[in-house]
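A quick write-up on the structure given underneath.
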Amino acid sequence: MSRYDSFATFYDRVIGDRSDVASLLVRLIRLAAPHARDLLELGCGTGTMLQELSKHYNALGVDNSSAMLALARRKAPKAKVMLADIRSLALGRTFDAVVCPFDTMNHLTRISDWRKVLDTACSHLSPEGAFIFDVNTRAKMERYCDEPVEVTFHRSDFSTVQVTRRSASLYLVDLSLYKHVGGNRYVRRSMRLPERIIPAGEVTRLARGFFRHVTVIDPARRRPSHRSEELFFICSGRR
Ligand SMILES: C[S@@+](CC[C@H](N)C(=O)[O-])C[C@H]1O[C@@H](n2cnc3c(N)ncnc32)[C@H](O)[C@@H]1O
């Protein structure tokens with residue numbers, strides 16, 4: 001059972017609207033793989049990206065949480081979805097674009113698992129295709145660690161996000177939804193996600209083991225810097 005299964009129905013409310021990221025992803029795919037038709041999303045979750053991507057591409061989403069996929073089926077009915085582990089996926093076909101958005105790579109706490117997912121992306125990508133993924137950086141995790149707990153109010157319920165440092169490269173992200181059940185009483189549902197942070201240079205080196213061209217983009221500034229909080233990697237020219 002995936003750690004996401006019991007939190008799936010609360011996930012979207014805690015995470016909030018991310019339609020801007022979906023639009024950015026479509027723009028990046030158009031630049032990196034302008035003729036793309038078939039698209040694979042690794043770790044598609046509740047289908048937030050698939051909802052937008054399936055308007056433009058024949059999209060397949062893969063995730064290892066059946067509860068997240070049940071929501072994706074409803075949110076993105078034009079996309080296909082499949083229950084599988086992205087570290088060992090072997091579909092026997094290729095796609096013009098493969099994406100792995102919203103820090104799914106950071107959820108893999110072993111470097112060997114990053115390599116396995118890069119291998120999955122490489123082996124499912126057509127020769128002219130592009131693999132696009134994003135990562136959280138240490139700057140972002142450190143900012144969250146320094147700041148007070150983030151609270152978001154949703155009518156009578158509220159959610160919290162708290163990040164704590166476990167080591168120089170491992171952080172724990174605690175997501176909670178407090179559901180109002182009457183008076184001053186709330187029921188809490190929580191999920192703890194470990195996130196592995198790998199410096200951008202090392203991520204590039206890992207990706208270059210599978211792709212000849214790797215470009216790093218910080219969507220919030222002109223070029224990546226030590227202050228970058230989220231980086232997109234655009235990989236092409238599979239080896
Ligand atoms: C942060 S969510 C991102 C969801 C989606 N990409 C989005 O942008 O909304 C990470 C997703 O990756 C999935 N995931 C994590 N490890 C996985 C694995 N080894 N195989 C398949 N899915 C995995 C989780 O179940 C979760 O749905």
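Values quoted throughout were computed directly from the atomic coordinates according to the rules given, and no laboratory measurement underlies them. Keep in mind the model is a prediction, meaning the values are calculated, not measured. Cβ placement follows ideal geometry from the backbone for every residue including glycine, while neighbour counts extend to all protein chains displayed.
The convex hull built on the alpha-carbon positions of the chain has an orientation-averaged projected area of 13.0 nm².
Pairs of Cα atoms nearer than 8 Å and 6+ residues apart set the relative contact order; for the stretch 1-104 it is 31 percent. In the chain, the longest principal axis of the Cα atoms and the axis of helix 66-75 are about 80 degrees apart. Residue-wise HN-Hα couplings along the stretch 200-213, as the Karplus relation 6.51 cos²θ - 1.76 cosθ + 1.60 with θ = phi - 60° gives them from phi, are 4, x, 6, 4, 4, 4, 4, 5, 5, x, 10, 9, 6, 10 Hz; Gly and Pro carry x. Which shape class, rounded, prolate or oblate, goes with the stretch 31-117 when its Cα gyration tensor gives a ≥ b ≥ c as root eigenvalues, a/c under 1.5 marks rounded, and past that a/b bigger than b/c marks prolate? Cα axes put the stretch 31-117 in the oblate bin. Ranked for footprinting exposure by Cβ neighbours inside 10 Å, fewest first, ILE111, ILE132, ILE234 give ILE111, ILE234, ILE132. Among beta bridges from DSSP that stay inside the chain, the antiparallel ones total about 70%. Checking the a/c ratio against 1.5 first, then a/b against b/c, what shape does the Cα gyration tensor give for the stretch 141-239? Since a/c reaches 1.5 and a/b is larger than b/c, the shape of the stretch 141-239 is classed as prolate. Counted by Cβ distance under 9 Å from SER236, the other residues give a net charge of +1, where Lys and Arg count +1 and Asp and Glu count -1. As a length-normalised measure over Cα pairs under 8 Å and 6 or more apart, the relative contact order of the chain settles at 17 percent.
Partner lysines whose Cα lies under 21 Å from the Cα of LYS78, excluding those fewer than 8 positions away in the same chain, are identified as LYS55. As a proxy for reagent exposure, THR204, THR152 were ordered by neighbouring Cβ count within 10 angstrom, fewest first; the result is THR152, THR204. Taking 13 Å as the straight-line reach from the Cα of LYS75, the aspartates and glutamates in range (excluding those fewer than 8 positions away in the same chain) are ASP12, GLU52.
Residue-wise HN-Hα couplings along the stretch 5-21, as the Karplus relation 6.51 cos²θ - 1.76 cosθ + 1.60 with θ = phi - 60° gives them from phi, are 4, 7, 10, 3, 5, 9, 3, 5, 5, 6, 6, x, 6, 10, 5, 5, 5 Hz; Gly and Pro carry x.
Taking the Cα centre of the chain as origin and assigning +1 to Lys and Arg Cβ atoms and -1 to Asp and Glu Cβ atoms, the resulting dipole is close to 180 debye.
With R₀ fixed at 41 Å, the C-beta to C-beta distance from SER6 to ASN58 puts the FRET efficiency at about 0.85.
Name the shape class, rounded, prolate or oblate, that the alpha-carbon gyration tensor gives for the stretch 139-196, where a ≥ b ≥ c are the square roots of its eigenvalues, rounded holds for a/c under 1.5, and otherwise prolate holds if a/b is larger than b/c and oblate otherwise. Prolate.
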